[in-house]
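Chemist: Quick one: structure below, then a few questions.
The values are calculated or read from the model by the stated rules, or taken from the named source; none is laboratory data. Values in this document were obtained by computation on a predicted structure and should not be read as measured data. Quick reminder, even Gly has a Cβ in these numbers, built from the backbone with ideal geometry, and neighbours come from all protein chains shown. Side chains included, ligands, DNA and RNA excluded: accessible areas come from the protein's heavy atoms. Shrake-Rupley method; radii C 1.70, N 1.55, O 1.52, S 1.80 Å.
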Amino acid sequence: MEHPNESSQDRPPSVDRLARAMVDTGLPHPLLVDAARAAVAEGHSDGAAQRARELAEATARALLTDVVNATGVLLHTNLGRAPWRPPAVGQQRYTTLEFDLATGNRGSRQDRAPALLARACGAEAAIVVNNCASAVLLVLAALAAGRSVAVSRGELVEIGGGFRIPNVMHQSGAKLLEVGTTNKTRLNDFSEAVTSNPEMALTLSVHQSNYRIEGFTESVSIAELASLDVPVVADIGSGLLDSSCPWLDAGPPKWLSDEPAARQTLEAGAALVTFSGDKLLGGPQAGIIAGRADLVAACSAHPLARALRPGSLVLQSLQELALAYLARDGEAIPFWRMATIPVDELRRRADQIAPHLRADTVSVPGGGTLPGVAIPSAGLVLAGDRVAELRAGSPPVIARVANDATVIDLRTVHPDDDGVITATIAALTPPADPGFNG
Ligand SMILES: *Cc1c(COP(=O)(O)O)cnc(C)c1O
């Protein structure tokens, strides 16, 4: 049914005719009407049909869609960070989101994926919220509103687009108590703050996800913070579950260096850790709060928990991911599979696509994690800037330009999409030349 205001009597017949001539685009009628109206308003009396079609096709292309990530950035912030789609989406059905199959009574949505993730990182309990920013906000609101939280001046960070620790602290109702200095903070700074401040609820340690302080520096370890009288909350950010990576046959890749992991941070004495679902965890957008059962329960009981809770699509997706971690099946997690694929394998794929364009490249973890880390990779390099042409393909291939050449990094391309790369390169006019000498 059309909306009454959009019935054909209310607009020039030409708009309606233009719209109806574009049904083959697959767009719903109101969007075709918008395109037709815009074309007419632009004053195209002759070429209106063609212009309307251009606008309709632009609308269709602007919808959220799958792309081939050939940038070599494993966690590409603009491309949805980690690639993850649970294997079995299945048919349209209801779920046991808040239903206990054993008793037939009401259940909790926080009983499955969060419990499995807690199991995978050795936490007593966990809950899942919308993202890591929400996780930090909820922890502070539930455990420290109206009281003080001590944070090192070296960790008052901004991460991503506007996640600023002082702002989140303010929103939560907790009082930020800055200790130490930008480059050096010692245990003594924290212990003085805790002993002189009876209002102190927590100490908060924030991982330096996207920056490094170099030179003369000192910081306080989780184990040291845990020696004080208040719980330690560690915002580790990236969501590495276990620094020994038991889900990878070859163990942790070298470039992981000393990225903090949930299991080891809890073992070191953190009462809670918070992390993202879509960074090194490799899953959907989510935030995880894991650690002491009483503190997790206090977070669950806070009214904000309901406002920040995820829906069944995210929880089901995280459940699949957690099961893969528990099965130590890194091959089932696209982020880890891509991150650890040997360079020789990528070179072999490049040779199958276009041997004369093959080149070694450099991938990065991305997503505001592991700054400065480079992962050896391979792919194809074309002369000149061809990214707009690659982006115009279907599905679009997103590449990058470096030194006046276009780099297609195969580390972030699923092998099933090699055919898309082959076809997209073959369709380029003029044909692609090697973008390097040699
Ligand atoms: C990325 C990050 C966040 C924000 O995570 P989102 O899931 O994007 O909300 C918070 N803290 C740290 C340390 C991070 O690295």
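Chemist: Restricting attention to region 258-265, does a residue exist that is touching a strand residue (DSSP E or B) at 6+ places or on another chain (Cβ under 8 Å) and polar (S, T, N, Q)?
Modeler: yes
Chemist: Going residue by residue through region 418-428, is there one that turns out to be among the acidic types (Asp, Glu) and under 24 Å from the mean Cα position of the chain (by Cα)?
Modeler: So far as region 418-428 goes, yes, one or more of its residues are among the acidic types (Asp, Glu) and under 24 Å from the mean Cα position of the chain (by Cα).
Chemist: Of all the residues that make up region 216-267, how many are of a type in the set (Gly, Ala, Ser), in a loop (DSSP other than H, G, I, E, B), modelled with pLDDT of 95 or more and within 15 Å of the ligand (Cβ to nearest atom)?
Modeler: Total meeting the criteria: 1.
Chemist: Say we look at region 104-121 and pick out the residues that are among the charged types (D, E, K, R) and not in a strand (DSSP E or B); which of these is least open to solvent (accessible area, probe 1.4 Å)?
Modeler: Looking at the filtered set, the residue picked out is ARG109.
Per-residue answers, yes or no, for (1) within 16 Å of the ligand (Cβ to nearest atom); (2) assigned by TED's automatic domain parsing to the domain that holds ALA120; (3) part of a helix (DSSP H, G or I):
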site: GLY269; (1), (2), (3): no, yes, no
site: PHE275; (1), (2), (3): yes, yes, no
site: ILE289; (1), (2), (3): yes, yes, no
site: VAL296; (1), (2), (3): no, yes, yes
site: ARG306; (1), (2), (3): no, yes, yes
site: LEU313; (1), (2), (3): no, yes, yes
site: GLU320; (1), (2), (3): no, yes, yes
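Chemist: If you don't mind, another one. Spot the failing condition for PRO83; the list is (1) open to solvent by less than 40 Å² (accessible area, probe 1.4 Å); (2) within 30 Å of ASP329 (Cα to Cα); (3) at pLDDT 95 or above, and only one is missed.
Modeler: All conditions pass for PRO83, except number (1).
Chemist: Next question. For region 232-245, does any single residue satisfy the condition of being under 25 Å from ARG186 (Cα atoms) and out of contact with any helix residue (DSSP H, G or I) (no Cβ under 7 Å at 6 or more places or on another chain)?
Modeler: Looking for residues that are under 25 Å from ARG186 (Cα atoms) and out of contact with any helix residue (DSSP H, G or I) (no Cβ under 7 Å at 6 or more places or on another chain), one finds at least one in region 232-245, hence yes.
Chemist: Right, here's the next one. Scanning region 366-383 for residues that are modelled with pLDDT of 95 or more and open to solvent by less than 20 Å² (accessible area, probe 1.4 Å), which turns out nearest to the ligand (Cβ to nearest atom)?
Modeler: It comes out as ILE375.
Chemist: Let me confirm something: among ARG337, ARG391, which residue is open to solvent by 10 Å² or more (accessible area, probe 1.4 Å) and farther than 27 Å from LEU240 by Cα? Spell out the reasoning first.
Modeler: Details: ARG337 fails: farther than 27 Å from LEU240 by Cα.
Answer to the check: ARG391.
Chemist: Before we move on, is ALA49 open to solvent by 40 Å² or more (accessible area, probe 1.4 Å), of a type in the set (Gly, Ala, Ser) and under 30 Å from LEU382 (Cα atoms)?
Modeler: The answer is no for ALA49.
Chemist: Also: Do we have LEU101 as open to solvent by 60 Å² or more (accessible area, probe 1.4 Å), over 30 Å from VAL420 (Cβ atoms) and either within 16 Å of the ligand (Cβ to nearest atom) or not in a helix (DSSP H, G or I) (or both) here?
Modeler: yes
Chemist: From the set of residues in region 129-143 that are buried (at least 24 other Cβ atoms within 10 Å of the Cβ) and among the aliphatic types (A, V, I, L, M), which is farthest from ASP235 (Cα to Cα)?
Modeler: Per the criteria, the residue is VAL129.
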